[in-house]
1. Have a look at A:ALA83, A:ALA98, A:ALA15 and tell me which one the Gaussian network model of chain A (Cα, springs below 10 Å) gives the largest fluctuation.
2. What FRET efficiency, computed as 1/(1 + (r/R0)^6) with R0 = 25 Å and r the Cβ-Cβ distance, is obtained for A:THR147 and A:SER41, rounded to the nearest 0.05?
3. Could you work out how far apart the two model spin labels at B:ALA50 and B:LEU25 are, taking each label as a point 7 Å from the Cα in the direction of the beta carbon, and quote it in nm?
4. For chain A, modelled as a Gaussian network with Cα springs under 10 Å, which listed residue fluctuates most, A:VAL40, A:VAL13, A:VAL139?
5. Excluding residues on the same chain fewer than 8 positions from A:LYS95, give the lysines whose Cα lies under 27 Å from its Cα.
6. Give, in nm to one decimal, the length gained when the segment between B:ILE171 and B:ALA199 is fully stretched (0.36 nm per residue of separation minus the Cα-Cα distance).
7. Mind jotting down the distance between the C-alpha centroids of the stretch B:1-15 and the stretch B:188-228, whole Å?
8. All other residues with a Cβ under 15 Å from the Cβ of B:SER30 taken together, and with Lys, Arg as +1 and Asp, Glu as -1, what is their net charge?
Amino acid sequence: MMKTIQLLLPALVPAWNFFDSIGPSPRIHYQLLDGQSKPVSDWCEYHPRPQHVSFGKMLRRMVWNPRWNETLFLVSCAERLLAEPTAHSEHEIFKRIARTLLQQPEPLPREQQLRFRIVLLYREGSELIEETAYESGMVAMTALQETVTTA
Amino acid sequence: MILMLDSAMRATGFMLGFAFVLQSLEHIRSFQNEQLIFLPRLLLALLLMAGFQPLWVTGGLLLLYIIALHRFQGPYNGGADRMGLLILCCLFLAYLLPPGYWREVVFGYLALQLLLSYFVAGLVKVVNPDWRSGTALCDVFRFSAYPVSESLRVYADAPRLMWLMGWLVMILELLFPLSMFAGRGLLVMLGLTAAFHFANACLFGLNRFFWVWIAAYPSILWLQSRIM
């Protein structure tokens, strides 16, 4: 009950302080590793932005924008993970990266493992800084595959 | 423009239902435990649009909203979800209460929060030197997670344009409460704020904000006709 009230209160008595300050911005990167925990790929940004989005596509996204809205949810999960680490936020990030990887046409070797990191981007003076703020442990893709299919 | 309370509630219910339909469709092909929440939500949102048994339908949607809050350990899409929940709670309570004073208070609270959503957002920006100088909006385009494409980041190198846009946004937000006393000026202001949400949807992918925020507009139109 207390948890429900905690979740409801910010909506019923909102703060409305959108964009009051522009803080460090998180990006999620992932990496695949083999059974001996040796990286088999470079760190890749999860859901990187396209170079260009046409106005027509922007209009379509007014009514159908699931991938971007999921990206915004993962930004929230990353911010929550940095502010107050919880298994839920880490699990959500793992699960969604794994689903994307499992949807690729080429099957992943069964023994592969996955990890992710959160990189913060911020400005210091005129310089843009990138800093790794969080690195997850490694999770076997087989375990994640099970989670993705049963969740 | 005279807007009766019943008509305003009906209009808000229709627009909120539409916003919920769009949101629910986005989850239908997601994980099974999301489908369990969003399939019934889709059905109830359609019923809300149709105006069928609004008390029971808003009650059901509220219950699903609480389940979703637990599922995602908070809102799925920050401010848009919070505004959606606020509108839904006010609509549910307004239908629950008998016609009269308290029903007006509840729906008036929604109008007040809509007004504050612009005014407070303007206030917290204007007291920040980075917003006044245009640096904050440059930073939004330079490194924040919001621009929908890399090509939009070039605006970070247009400080004069960002300064101008930043001040236009702050002036719009801060002047919003005054439009309550400007007769048809409120309609003009709502057109401008809807255009602002539309721009945010195009540039930053915040499409859910657009549909949810305009769903609250009938409440402020009703409040204006009630107090003027």
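Bear in mind these aren't lab numbers, they're just calculated from the coordinates by the rules spelled out. All of these numbers come straight from a predicted model, not from anything done at the bench. We place every Cβ from the backbone using ideal geometry, glycine too, and count neighbours over all the protein chains shown.
1. A:ALA15
2. 0.75
3. That separation, rounded to one decimal, is 1.8 nm.
4. Sorting by GNM fluctuation, first place goes to A:VAL13.
5. Partners found: A:LYS3, A:LYS38.
6. On the way: separation 28, 0.36 × 28 = 10.08 nm, distance 1.63 nm.
Additional length available on full extension: 8.4 nm.
7. Value for the Cα centre distance between the two parts: 15 Å.
8. On the way: positive: A:ARG67, A:LYS95, A:ARG96, A:ARG99, B:ARG29, B:ARG41, B:ARG71; negative: A:GLU70, A:GLU92, B:GLU26, B:GLU34.
Residues near B:SER30 contribute +3 overall.
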